[in-house]
């Protein structure tokens with residue numbers, strides 16, 4: 001198996017996508033942040049001093065997706081036509097789902113994964129004063145399609 005981001009000598013290399021067709025591409029990633037019940041209650045009640053945790057985390061995830069090419073060295077700069085970050089508060093934490101979409105020559109899975117990761121880190125940052133047991137888990141890609 002050959003890695004796509006290395007050249008013949010094994011050096012890091014950006015993949016040439018110029019021969020690939022421009023297509024509508026969509027990716028969905030998920031992640032989970034485990035939180036204490038009392039922290040979840042504070043989030044529901046908008047009771048944290050830093051403000052509306054999920055609103056800030058949503059904006060952070062969207063911004064992160066738009067900056068993926070600056071964060072991950074060999075990612076292509078692609079035009080994003082959609083970034084959506086959604087949250088589902090569950091009994092043990094918050095499920096984060098990010099959907100990214102583009103019309104380009106390469107996919108948007110790294111942007112979706114970045115959005116989930118940064119949204120989770122933002123929740124962590126906003127809640128760290130009240131919850132010392134938080135854990136970010138299960139960040140993974142659930143779908144990558146060409147439409």
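For the reader, a short list of remarks on this structure follows.
So that you can scan it fast, the table gives a plain yes or no per residue for (1) in a loop (DSSP other than H, G, I, E, B); (2) at pLDDT 95 or above; (3) touching a helix residue (DSSP H, G or I) at 6+ places or on another chain (Cβ under 8 Å):
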site	(1), (2), (3)
19	yes, no, no
33	no, yes, yes
59	no, yes, no
64	no, yes, yes
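- Single unsatisfied condition, residue 105 versus (1) within 28 Å of residue 51 (Cα to Cα); (2) more than 18 Å from the chain's Cα centre (by Cα); (3) touching a residue at least 12 places away in the same chain (Cβ under 8 Å): (1)
- The single residue among 43, 72, 78, 33 that is under 17 Å from the mean Cα position of the chain (by Cα) and under 16 Å from residue 122 (Cα atoms) turns out to be 33.
- Residue check, residue 125 in a loop (DSSP other than H, G, I, E, B), more than 27 Å from residue 147 (Cβ to Cβ) and modelled with pLDDT of 95 or more: no
- A single member of 23, 69, 105 is surrounded by 13 or more Cβ atoms within 10 Å (Cβ to Cβ) and in contact with a strand residue (DSSP E or B) (Cβ under 7 Å, 6 or more places away or on another chain), and it is 23.
- Of the numbered criteria (1) touching a strand residue (DSSP E or B) at 6+ places or on another chain (Cβ under 7 Å); (2) surrounded by fewer than 20 Cβ atoms within 10 Å (Cβ to Cβ); (3) more than 18 Å from residue 31 (Cα to Cα), the one residue 47 fails is (1).
- In region 38-52, the residues that are assigned to a helix (DSSP H, G or I) and touching a residue at least 24 places away in the same chain (Cβ under 8 Å): 38, 39, 40, 42, 43, 44
- Filter pass, residue 141 being surrounded by 15 or more Cβ atoms within 10 Å (Cβ to Cβ), under 17 Å from residue 87 (Cα atoms), touching a residue at least 40 places away in the same chain (Cβ under 8 Å) and in contact with a helix residue (DSSP H, G or I) (Cβ under 6 Å, 6 or more places away or on another chain): yes
A quick yes/no check of all residues on (1) buried (at least 18 other Cβ atoms within 10 Å of the Cβ); (2) without any contact (Cβ under 8 Å) to a residue 60 or more places away in the chain; (3) not in a strand (DSSP E or B):
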position	(1), (2), (3)
15	no, no, yes
28	yes, no, no
78	yes, yes, yes
88	no, yes, no
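- With respect to the conditions (1) crowded, with 17+ Cβ neighbours inside 10 Å; (2) part of a strand (DSSP E or B), residue 95 falls short on a single one, namely (1).
The values are calculated or read from the model by the stated rules, or taken from the named source; none is laboratory data. Since the model is a prediction, treat every value here as computed from it, not as a measurement. Cβ coordinates were reconstructed from backbone atoms using ideal geometry, including for glycine residues, and neighbour counts include every protein chain displayed.
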